[in-house]
1. Just the Cα atoms of the range A:7-93: what Rg and Dmax do they give in Å?
2. Mean separation of Cα pairs under 8 Å and 6+ residues apart, divided by the residue count of the range B:232-328: what relative contact order is that in percent?
3. Using a 10 Å cut-off on Cβ atoms, rank the peptides B:582-593, C:253-264, A:45-56 from the highest mean neighbour count down.
4. To the nearest 20 debye, what is the magnitude of the charge dipole of chain C about its Cα centre, counting +1 on the Cβ of each Lys and Arg and -1 on the Cβ of each Asp and Glu?
5. Counting only C-alpha contacts under 8 Å and six or more residues apart, can you give the relative contact order of chain C as a whole percent?
6. Amide H to amide H under 5 Å from C:Leu174: which residues, 5+ apart in sequence or cross-chain, H placed 1.01 Å off N in plane?
7. Between B:Ala184 and B:Leu480, what is 0.36 nm times their sequence separation minus the Cα-Cα distance? Round to one decimal in nm.
8. Relative contact order, percent, of the range B:129-274 when contacts are C-alpha pairs under 8 Å separated by at least 6 residues?
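FYI, it's all coordinate maths here, none of it is from the lab. Computed from a prediction, not measured in an experiment: that's the story for all the values here. We place every Cβ from the backbone using ideal geometry, glycine too, and count neighbours over all the protein chains shown.
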Amino acid sequence: MMDFTEPVTWVASILGLVIAISGFIVVTSKNLIHAALGLVGALAGTAGLFLVLSAEFVAWVLVLVYIGAVLVLFLFGIMITRAPVGYDVDLDNDRKVIAAVGAGSLFVLTSFAALDSFGDTALLGIGDPTSTGDLADALLGRFVLPFELVSFVLLAALIGGITVARKDATPIAVGETEE
Amino acid sequence: MTNLFLALASEGEKAVEFGSGGQLQEWAWLILVAPFVAYVLILAYGKKLKYEGGEIAVGMMAFVFGYGLLLWVDTIRNHTVFEKSIEIGRVGNGMVFEWGWVVDGLSSMMYFVVGTVGLLVFTYALGYMKGERRNTFFYASFSLFAGAMLVLVASANLAQLIVGWELVGVASYLLIGHYWEDKANSSAGMKAFFTNKVADVGLIVGALALSVSVGSFRIKDILEVATTNGDSLNAPYFGSTVAVAGALLLFFGAMGKSAQFPLHIWLPDAMAGPTPVSALMHAATMVTAGIYLMARMFPLYQEMATAARPIMIAVGAATLFLTGLIALVQDDIKKVLAYSTVSQLGYMMVAIAAGGYTAALFHLFTHAFFKALLFLGAGSVIHGVHSNNMSDMGGLRKYMPRTFWTFIIGSGALAGIIPLAGFFSKDEILGTLDYEGYTAVLWIAIAGAFVTAFYMTRAVALTFFGSYKGHGHPHESEGLMTVPLMILAGFSVVAGAVNMAGFKFGETIVLRYTGFTEWLATRDFSPLGDHHPEALEWGLALYGTAAAVGGIAIGWMLFSKDAETQEARDRLTIPVLYPILRAKYYLDDVALGLVGVIKGPAARFVDWTNTYIFDTIVNSFGFAAGWLGKVVYNVADQGIIDGIFNGSAGVASVAGGWLRKIQTGKIQQYAGALVIGAVALVVGFVIFNSN
Amino acid sequence: MELLDNGTVLSLITFLPLVGALVVGLIPRAQEEAYKWAALITALVVGVLSIVVAFVFDYGDSAKFQFGTDLSWIESIGSNFHIGVDGISLPMLVLSAVITILAIIYSWDHWEEPRNPKAFLILMLLLETGMNGTFVALDLILFFIFFELVLLPMYFMIGIWGDKTPRTIAMFNLTTETRLYASIKFFLFTLFGSAFMLLSFLGLYFNSGDAGARTFDIPKLIEMAPHLSALPIAGWLFAGMFLGFAVKVPMWPFHTWLPDAHTAAPTVGSVLLAAILLKLGSYGFIRIALPILPEQAMQWAPTIAILAVIGIIYGSLACLAQTDMKRLIAFSSVGHMGFVMLGISTMTEAGINAAIIGMVAHGVITGMLFFVAGSMHHRYHTRDMARLGGNATLMPKMGFILGFIAMASLGLPGLAGFWGEFMALLGAFRPAAGLPVGLFQTAMVIGAVGTVLTAGYLLWMLQKVNLGEPKDEWAGHEFHDVDRFEMAAWVPLLLATVAIGVYPRLVLGSTNGAVKELVSTILENLA
Amino acid sequence: MTLGPVLVLAALLFSMGVYGVLARRNAVTVLLAVELMLNAVNINLVAFQSALQSPQGLGQIFAIFVITVAAAEVGIGLAIVLLIFRNRRSANLDDFATMKG
C-alpha cells in the first residue's frame, strides 16, 4: 500500500504526520493560541499535500485564504473575546470520553469503508499538475453560475457579519434569552 | 378516463330494481328522507315558530302517514312487491353497500303503523310538551326517531338495517335523556343505548356472517340462498352452521331492541323520557324493530335455522310471563305499561318463533294502537295530576272522563276482551302455539293473559276508581291530546277486523276476513308456513277469555277499594314473590355490577398498566441510556471507585438528571446525537453492503 | 394541462407550504395579519390544488400512479424523486391539505401561550410539507425523509406551546413539565421506531440488487416482491418496518407516547397529530410493508390482528379510567386505530378499504373532537371532567357539536366512523386465504364488543361534560358560544362526517380500484 | 502511491474535528474544529480528483467552493460569537443554553 521506494511517499507521509499532529493540537491544546497555531500547521500541511497531489492552485488558495485571512480572523476573535490566552484547564467540557468514543468509532468506520472501497486505487495525478488555466476555464465556464452564487454568499456573509457584530446593535431581545 | 363526478355517479350498477311498482313506489324514498329534512329544518327554524318546531314535525308525519296509507292501499289492491337500491360504495368486486327501500306487504304495514301512530303521538305531543324545556330539540330528535325507524323498515339490505337500527338507538338515547339536567334521566338514556349496543354486537356479527357467506347484503339474496339451501346463488360458504349461528345472532340483536328477557332492563327505565316518547317507542318504533327483523328474515328461521327456534321460544315465553309479573308491583303507571309492553313483545316473539308469522305481525299491528292509546292516556293522567305514581291518583274517572273511557278501551284490548282488537290477535297466537304443538308454552301464554288482565285491572282501579289521593286539582286535558286518544281508541276497537278468523256456527262461518294474511304474504317466499284455522277455535277462545275475565275479576276484587298503603296491599296479594318482583329479579343489580366492574376495577387496572408498566418500560429505557452514559463517564474518567460511589448514590438521582439533560439546549449534545446517527447509518451501509 | 403533468402539481402541493413558511418567516413579526394571511393563502392554494387533483384524477384507473414524475435525485444510491398519487393516497392527500387549512383558520384567534403565531404558522406549514410529501412519495428515501420531517415541527409544537402543568412520572418519583416529558417521549419513541425502519429500507435496497438494479423505488420493489420475500433476512426486514410503522400508528403496546403527546400538545397540534400523523404509520403498512414483503405480511398478520384487537379493548378500557377529557380522546385513538390495523391485517379488499376509510373518518372525527376539547379548555381552563358539566346548558351549540361528534366517534351508522369499523369486521369474518379464520373471527367478535365499550366511554364522557346542571364554580361566568372562526373550521368537518357516512363512495370510489389491484398483486406475489 | 492512506488521513482529520466539536467548551475552538473537518473534506476531494482524473478538475473546483463557503462561515460564526460574548461576557458554549426546554 505504501511504497516507500518512491520519494513522494516519504514526502506525503511526513506531511500527513504534520497534519495529524497539528490537528491533534487543535482539538486538545489547553491554550487557545496554540490551538489556532495548530490549525495553521494542519492547513500548511494540507497545502503541501495538495502540492504533492498536483493541485497547485488549490494549495495556494488554501495558504492565502485560510492561513492568510481566516486564521487572522480567528486570532482577532480569540483576542476580542478575551479568551484565556494562557493555560486553561476548563477548555474541554465533561463529555470528552463520549466524544472521543464517538469520534473514534467514526474514524474506524470511515477508514474501514474507504479502504474497503478505494484502498488500492492509484493516484494517477501525481507529477502531473492540473493546469490553472484549465481550472479557470471550468470555473468561469461550466461552473460560472455557482461561482457567482458563491460570491453572493460571501457578500451576504460579509454584510451579515457586519450587521451582527455592529457595536451599536441593540442587544437582541434580551428578554428572550432565558435566564 | 373517469373523473370525480363519473366515479361518484356510475361505477358499476347504480340502481337496481326488483319486483313491480309504479311511480308511487318509485318515489317512496320520500318518506325516508322527510323526517331527516324535518330534523334539519326544526333545528334551523324551529325556535321561531309557535310550537317551537312541532308544526314541522307534525306536518312531516302527516306526509308520512298519507304516503304510507297510499302505499298500503296500493299494496292491498295490487299485491305489489317493489324493491329499489342505490349503490353507495363497494368493496372489491362483490360486496355492495346500498341505500334502498322496499315496498311490500310487511314494510307498507309498518309504514302505515309508524305513520298513523306517529301522526297521532306527534299531535298529542304538541299539547303535552307545551311550555317544556328545549322543545325544538325534542321535536328534532322525535323526527329523527321516526325517520330512523322508517329507514329500518324500508331497508332492502342488512347494512342499511343496521344503520336504521342504531339510529333508532341514538334517537331513543336523546329522547329518554331529554330532561338531562337530572342525572337519573341521562343514565336511563345511557342504559337504553348501552343495552341495545350490547345486543347490536349480535346483530352486526350475525348480519356480517350471513352477508359475507352469501356474498351480498341484500336481504332478498340471503333469503333466496336460505330457502334454497344455498343452491340458487354461488354461495359456497353458506351452510347450516352459518345459517343457525347467524340466525341466533340476529335474534340476539332483536332481543335488545324488542326487550326480551333478560335484555329488557332498559325499557322500564326508558320511562324517564317524556310520555309521547314512551308511546311512540312502545307502540310503533324501536321495540317493534326486533319483531320486524324476525319477520323480515322469517324464511331463514323457517327453512335453514329451525334449530334456533327452541331458544327463541324459551326466551319469548320467559319474557311474556316473568315481566308480566313485575308489572303487578309497580306503582309508576308508566312502568306498569312498560312491563306490559315487554310481556306483549314476548307474545310476539313466541309466535314468530313458533312459526306464526302472521300471528306475530297481527299482534304487533293491534298492539301498536292500543299500547299507544294506553301510554297517551297515562300521559294525559300524568299531565292532569302532575305525578307518575298511582298512589297519587285515584277516582280520576270523574275528573277526566274522556281519558277514562279511552283508557278502559285500551285496557280491554290489551287484556284480550272480545270484540276488541287484542282478542283476535292474541287468539291467533294461541292458535299457532296450539297447532305447532307447543302445549307448555300455550299454557304459559294463557297464564300470561291472566296476569295481563290482572295488572291492567289493578292499574285502572288504582288510577280511576277509589278516592283521589293526590294534591292539586286534576283536570281533563285539552283537545290536542284527547282527540288522538279517541282516534286511537277507535283503532283499538276495529283493528282486529283486518284479520278475523271467523266464527263457526255449525257449518256456516261468519265474519271471516283474512286480508291481512294475504297482504303480508306478498313476498316470493310464501307460503310462510304459518297456520290459519278455518275459523275461530271455540276452545282456545274460551280459555283465553276465561283467563282474561278471571284476571279482571280478581284484580277488581283486590284493588277496587282504597287501602291504607300501596305497599301493604301488594305484599298481601303476592307475599312470596313480592320482594323478588320489586327487585326486578335482581337483573338490574347484575347489570350494574357488571358495568361497575368494567368501569371501575377493569378500567383502572388497564390505566394502571399503562402508567406503571408500559410507561415505566419506556421511561426506564430513557433513563437507562442516561445512566449508562453517566456510568461510562464515571468509570473511564473518574475511576472505578468514584463510579461505584456515584452509581450507588441512587439510580433515581442520576436518572432524574437525565430528563433535563437531554433537553440541555447545548448544541454540542445535539451534534453528538447527529454523529451517532451518522455512525449508525454507516454501520447499516457497511453491514448490508457486505451481504 | 401543463400544470398537471410531470409531477408539477404534486410538487407544488408538497413544497408550496415550504415556500409559504419561508414567506411567513420573512414577514416582520409585528405584521401579524400579513403573515397569517400568507399562511392561510398558502394552505388554501395547496388545498385547492389537491382538490383539483381529486377532480381530474382518473378513477377508472385508480391503481395507477397519476400526476407523478420520476426524476433522478441522488443518483449515486439510486434514489429518485419519484412521486405520484393513486386511489389509496389520494383521499389521504386531500384530507391532509384540507385539515391544514382548517387548522390555520381555527388558530386565527386561538393562540396558546407563549403565543408567537409566526413561529407556530411556520411549523404548521413545515408539517404540511412533511405530511403531503409522505403521501405522494414513491421512493423509500423520499418517504423516509418526509416521514421524519413531520417529527420536528410537532416536537417544537408540543415542547413550546404544550401543556405547562407539572406531571409526575410514575415509578421514578420525578416531576417535570408535561410538555417537556411529552415532547421528548414523542420524539425519541418515534425516532426509535423509524431507525429500525430505515435499516429495513437499506436492507431492501441492498438486496434488491440481486433481482435487478439496486433501488429504493417502491413500485419496482413491489415487482421484486417474490424475490425479496424469499430472502433469509426478510423476516427481520419486515420486523424493522413493523416497528417503525407500528410506533407511529400507534399499535398496542407501542402506544404510550400517544396519550402524553396528545394531551400535552396545543389544540391544533393535537388535531394534526390525530388527523394526519397517525395515518402515516398505517399508510406505510399499506403502501410499503404489505406489497413489498407479502409473505412476511401473511406471517405477521395474525400477530397484527391480535395486537389490534388488544388495542381496541385496551384503549376503550383505558378511556373509562380517564378524568382528563383530552387524554380520554387520545386513548380513543388507540382503539380506533386498532380497527384500522385489524382491517389491514385481514389482507382482504374489504379490510384494506376499511382501513383507508377508517383513517379518513378517524382523521375527520377525532380531529374534530380535539378541536372541541381545545375550545372547551380555552373557555373553562380545565379539562378535568369532574369539574365540567352542563356544557350543553352553558353553550348549546358547543354541546350539540360535541354530542354529534361523539356519536360519530362511537361509530354511529350513517356517519363516517361506522364504515371503517363495519368493514374491518367484515374483512375479519373472512380473511385472506391462508390466514387462520378462527382467530380472525374471534378478533371480529372481540372488536364488535369493543364498539360497546367505545359507546360506553363516549356516552359517559357526554354525561359528565355535556349533561347535568352546570357546577357551582361556573355560576356567573359568561361563556361565549362557538365563535365564527371555530364555526368556519368545524362546519366542513361536520359536513364531511355526514357526507362520508351517507355516501361512503366518496372514499371507496377512489380506493376500491387501487385496493383491488394491490390485493391481487399481493396474492400473485405470494403464489 | 495509492489513495488509501490519504483517505485514512482525511478520516483521521475529520474525526478529530468531530471530537473537537463535541468536546470543546469554547466557541472559538469549536469553530477551529469545524475548519478541521472542512479541511478533511478538501483533502478527500483533491485526492479523488487525483485518483479518478475527472475532466476539468471537478474535485479541485469543489474544494475551492468549500474553501470559499468556509471563509463565509467563519466570518458569520465569529461575528455571532462576538455578539454573544458582548451580551453574555462568555464564549463558553455550555452557557448558551437558550434552547434549553
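1. Cα-based Rg and Dmax for the range A:7-93 come out at 14.5, 45 Å.
2. Details: 63 pairs, mean separation 37.0, N = 97.
Across the range B:232-328, relative contact order equals 38 percent.
3. Values: B:582-593: 13.9, C:253-264: 25.9, A:45-56: 23.4.
So the peptides B:582-593, C:253-264, A:45-56, ranked by packing, come out C:253-264, A:45-56, B:582-593.
4. Details: 26 positive and 35 negative charges, 181 e Å.
Result for chain C is approximately 860 debye, rounded to the nearest 20.
5. Details: 944 pairs, mean separation 80.1, N = 527.
Over chain C, the number comes to 15 percent.
6. C:Ile169
7. On the way: separation 296, 0.36 × 296 = 106.56 nm, distance 2.97 nm.
Extra length from B:Ala184 to B:Leu480 when fully extended: 103.6 nm.
8. Numbers: 200 pairs, mean separation 36.0, N = 146.
That works out to 25 percent.
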